[in-house]
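The values are calculated or read from the model by the stated rules, or taken from the named source; none is laboratory data. The structure displayed is predicted, hence computed values, not measured ones. With ideal geometry, Cβ positions are generated from the backbone for all residues, glycine too; neighbour counts draw on all protein chains shown. Remember, those area values only see protein heavy atoms, side chains included, never the ligands or the DNA or RNA. Shrake-Rupley method; radii C 1.70, N 1.55, O 1.52, S 1.80 Å.
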Amino acid sequence: QVQVVESGGGLVQAGGSLRLSCAASERISSIPVMEWYRQAPGKQRELVASITKFGGTNYADSVKGRFTISRDNAKNTVHLQMNSLKPEDTAVYYCHIMIGDYWGQGTQVTVSS
């Protein structure tokens, strides 16, 4: 069982930045893909960004150019740098490990207008 713990959420004004972190209990260097999802109230959970073990990245159209996903294999951590935040980015953000379908408990991001 892999433990996944997110942190870094909070309240920020529109245009501000936050950096989310996802700490895994096992080495992530061999995990093929790690992902960030988000779920806003009343909406389905959606994929925000993903990163492969080779460093390849993919982003939802709504966050391209504003969010950056990265991984620090030495610290078994994946980050999501979020810039130019908008009120519509408000959601609970979850880290996901595809293999094994492991989820964290989520971290709340609230962007005020």
inquiry  = Please count how many residues of segment 1-35 are open to solvent by 50 Å² or more (accessible area, probe 1.4 Å), part of a strand (DSSP E or B) and not basic (Lys, Arg).
reply    = 4
ask   = Is it the case that some residue within segment 97-110 is open to solvent by less than 30 Å² (accessible area, probe 1.4 Å), part of a strand (DSSP E or B), out of contact with any Ser or Thr (no Cβ under 9 Å at 6 or more places or on another chain) and under 17 Å from ALA23 (Cβ atoms)?
value = yes
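Conditions tested, residue by residue: (1) among the hydroxyl-bearing types (Ser, Thr, Tyr); (2) under 13 Å from SER7 (Cβ atoms).
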residue: THR77; (1), (2): yes, yes
residue: ASN83; (1), (2): no, no
residue: TYR94; (1), (2): yes, yes
residue: VAL109; (1), (2): no, yes
residue: SER113; (1), (2): yes, no
task = Check off (1) touching a residue at least 40 places away in the same chain (Cβ under 8 Å); (2) open to solvent by 60 Å² or more (accessible area, probe 1.4 Å); (3) not aliphatic (A, V, I, L, M) for TYR93 and give me the number that stays unchecked.
result = (2)
ask   = Of all residues in segment 46-64, which are closer than 12 Å to VAL78 by Cα and basic (Lys, Arg)?
value = LYS53
task = Could you list all residues from segment 53-83 that are more than 17 Å from HIS96 (Cβ to Cβ), of a type outside the set (S, T, N, Q) and loosely packed, with under 14 Cβ neighbours inside 10 Å?
result = PHE54, GLY55, ASP61, LYS64, GLY65, ASP72, ALA74, LYS75
